[in-house]
Amino acid sequence: MIVTFFKYREVDRLTNEARLYTYIKSKKPDYKLPKHIKITKYYGKIKDFQLFGGYNRRFVYFSKDYMKKDMNRFVFTLILWEFALSFLLIVMVYTVLRHFSKKEQRHKEFLSFLLGAISHKFGNFLSVQRLNLELIETQNKKPLERLKEAYVFMEKDFKNIVKMIKDSENANSMKYDVEDVIKDTLNLFKDSLSNKEVSLSIINAKISSNGNDFYNVIHELMENSIKYSKSKIYIKTIKKNKMLYVVISNDIGLRKSGSGFGLSLVKYISSKNRWHFETKVIDEQFQAALIVKL
């Protein structure tokens, strides 16, 4: 369609040009024509020229190169545009498919983590309750305290998991006040912290995260620290080179380590938000560090 339109336009342009020069030549026989056109009174073959038509009893010839020049340029330009548009379309389709593919993959990974979390939480809960019920039969009061503590933890864990499921599709970026998140989380665990010493050294900052990811990470790290500490927990934040370091440490108690799923969940959420997370043991202290770009 486009090529046909351009072809008709070229024919119209050459026709107007032929009529113009034929008229000029009829009025001024000595007029010097451009190199690409020849006008004769008699029909004949002219090398490298092609007969275009007859006007005012004269034959008009155009150079073959001149007649093809604009058409070749147009076809070349059209091919370039077609290639560019095709390439752009392929890139757009690839980008969209890749985006949805990654989103689906992240969603599957997230649901896998949640399934593991629920299994982990409920499994530990049931194991503890089974042991407590066995101990209650011995008239020992300590199991009742352990039973109450386990129920409190289970309730908080369950509410947090439900919250994470509800927020799983929330990809909106949210701003968090680090000090407020840490203090709110400590308040949630205030009963469990009654017999522990908590040291705070917080330099406040605001960070962005996908949905409630930052809150969930702090919750998991705090819960892990409370569960496995002997008596002391240290929380501090450090700003350095436009990076925020959130460090949560605890002394190591006699309780055996868990499955490690909580820390795996923290690693997953951190990688999703492009944060860095690492853990290490220094001088009988377990230290978890979350590094966030400000």
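Readers should treat all values here as calculations from the given coordinates under stated rules, not as data from a laboratory. In this text the structure is predicted, and so the values were computed from the model without any measurement.
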What is the spread of the Cα atoms of region 17-115 along each of their three principal axes, largest first, in whole Å?
95, 24, 18
Here are some pairs, LYS183/LYS240; LYS183/LYS267; LYS175/LYS232; LYS175/LYS240; LYS102/LYS236; which of them have Cα atoms lying more than 28 Å apart in this structure?
LYS175/LYS232; LYS102/LYS236
